[in-house]
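A short write-up of the structure that comes next.
The values are calculated or read from the model by the stated rules, or taken from the named source; none is laboratory data. Nothing here was measured: the structure is a model prediction, and the numbers come from that model. Note: ideal-geometry Cβ built from the backbone for every residue, glycine included; neighbour counts use all protein chains shown. Surface areas here come from the heavy atoms of the whole protein model, side chains and all, with no ligands, DNA or RNA. Shrake-Rupley method; radii C 1.70, N 1.55, O 1.52, S 1.80 Å.
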Amino acid sequence: MNDETTRQGEGRLADNIAYFARALRTAGLPVGPGAVLDAIAAVEAARIGTREDFYWTLHAVFVKRHEHSILFDQAFRIFWRRRALIEKLIAQMSPIAPGGAKEEKKPLAGALRVAEALATPRQEKPEPVEKTEFSARLTVSDREVLKAKDFAQMSAAEIAVAKRLIAEMSLPDDEVTTRRFLSDPRGRRIDPRKTFRRSLRGGGAAIDLAYRSPAVRHAPVVALMDISGSMADYSRLFLHFLHAVAEKRRRVHSFVFATRLTNISRELTSRDPDEALARASKRVQDWEGGTRIAHALHDFNRHWSRRVLGQGAIVLLFTDGLEREVTRELTFEMDRLKRSCRRLIWLNPLLRFDAFEARATGIRAMLPYVDEFRPIHNLASMGELCRALSGEPTERNNPRQWLRAS
């Protein structure tokens, strides 16, 4: 095999790996240029000869989280579905051709975002690649339709636009008066210490009164987010929402839980949202696991409540309330959480259904202890939450009406 054929094979395989990485990135996996170079180098260094070896080599480089394995598997089978395509490309760059190709399994039916992401064509022959860009400039009607669309029904392109719209959301001023005081020429209370210091400048002959006013600050926001399997379609976009809030307000504390509680406040301080979510995912060990709400609330009340629930904090409880085991501990911990914060807002994606009724035992056990019961399933509901953070509870979101209706 001559050098020209080998270089041609290496180029085609590298190009196809780059196109495959682009498709993964469009489907929602955090794949950057560095990962593409690492994947090409890994394939060239391993000198693989079978489809399975090729699969796991790319899997080791591109998949960083457990939940990404499903998308990667579907994307791999769809993108490389032509029989013996991988073996053909590897054979062109290998001095020894691999053995007979194994019979490929029937392609799996990929998710909507995987199918759309894999619209990028494979390169079998050198052809000019047509570059297409998705425009984030939406018309008024398109923007309204996207705001009302459920997160679980969005395509990959729509999710990308939704992330941009979430970053553009502005939180209303939600200020509370603290017990601390700041210097204020228009204040109504005399500042004795500052007044005495001023009088010393003139030898005490004249007294220039200084005034002060109570300090006004944004109330802390504490988010307790359920990342169990039933919340998978909504948890990631809600994390983008928390990242946007943390960028505009200093005191934002974020906790996630499935079977255990994890503090990811420091991870969400990164300015890049994708990097922040990647750091948070590495820290969390129970992503898309079971649901233990009472256990998570117990850990929060015991270890974190006194640290983060001061000065009129608002708690955002993001969960569907489908507790695996409902005991008296759940009501006790909910009551303790309610007494520790100024407002407790429950965000539940199940409220997107018009026929929703609070019949589940876990939901009925938690409802009496929350101030507001709100849906969180699309951009419109996020916008309503932003406006509600500085307002008072409305009858429409009063949790007692759900208990009376059920």
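Observations on the structure shown:
- Flag if Leu29 is assigned to a helix (DSSP H, G or I), surrounded by 14 or more Cβ atoms within 10 Å (Cβ to Cβ) and either touching a strand residue (DSSP E or B) at 6+ places or on another chain (Cβ under 8 Å) or modelled with pLDDT under 85 (or both): no
Per-residue answers, yes or no, for (1) of a type in the set (A, V, I, L, M, F, W, C); (2) within 21 Å of Leu367 (Cα to Cα):
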position	(1), (2)
Phe257	yes, yes
Thr269	no, no
Asp272	no, no
Ala276	yes, no
His298	no, yes
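- Residue-level check: of (1) open to solvent by less than 10 Å² (accessible area, probe 1.4 Å); (2) closer than 30 Å to Arg179 by Cβ; (3) free of Cβ contacts under 8 Å to residues at least 60 places away in the same chain, Trp304 misses just (1).
- Considering the conditions (1) over 13 Å from the mean Cα position of the chain (by Cα); (2) of a type outside the set (A, V, I, L, M, F, W, C); (3) open to solvent by less than 20 Å² (accessible area, probe 1.4 Å), Ser235 is excluded by exactly one of them, (1).
- Considering only residues in segment 238-253 that are open to solvent by less than 10 Å² (accessible area, probe 1.4 Å) and within 24 Å of Glu323 (Cα to Cα), the one that is farthest from the chain's Cα centre (by Cα) turns out to be Leu242.
- Once segment 332-366 is narrowed to residues that are under 20 Å from Leu242 (Cα atoms) and among the charged types (D, E, K, R), the residue that is least open to solvent (accessible area, probe 1.4 Å) is Arg343.
- Matching residues, segment 67-93, being of a type in the set (Lys, Arg) and either surrounded by fewer than 16 Cβ atoms within 10 Å (Cβ to Cβ) or at pLDDT below 55 (or both): Arg81, Arg82, Arg83
- Among (1) open to solvent by 30 Å² or more (accessible area, probe 1.4 Å); (2) more than 21 Å from Asn348 (Cβ to Cβ); (3) in a loop (DSSP other than H, G, I, E, B); (4) in contact (Cβ under 8 Å) with a residue 40 or more places away in the chain - the single one Gly312 does not satisfy: (1)
- Conditions (1) assigned to a strand (DSSP E or B); (2) open to solvent by 40 Å² or more (accessible area, probe 1.4 Å); (3) under 30 Å from Ile70 (Cα atoms); (4) not β-branched (Val, Ile, Thr); number of the one not met by Leu317: (2)
- Annotation note: Cβ proximity below 7 Å between a residue of segment 375-394 that is over 13 Å from Arg343 (Cα atoms) and a residue that is modelled with pLDDT under 80 and charged (D, E, K, R) (sequence gap 6+ or interchain) occurs for His377/Asp150; Asn378/Lys147; Asn378/Lys149; Asn378/Asp150; Leu379/Lys147; Ala380/Lys147.
- Criterion (open to solvent by less than 30 Å² (accessible area, probe 1.4 Å), modelled with pLDDT of 80 or more and in contact with a Ser or Thr (Cβ under 6 Å, 6 or more places away or on another chain)) met by exactly one of Ser228, Ser199: Ser228
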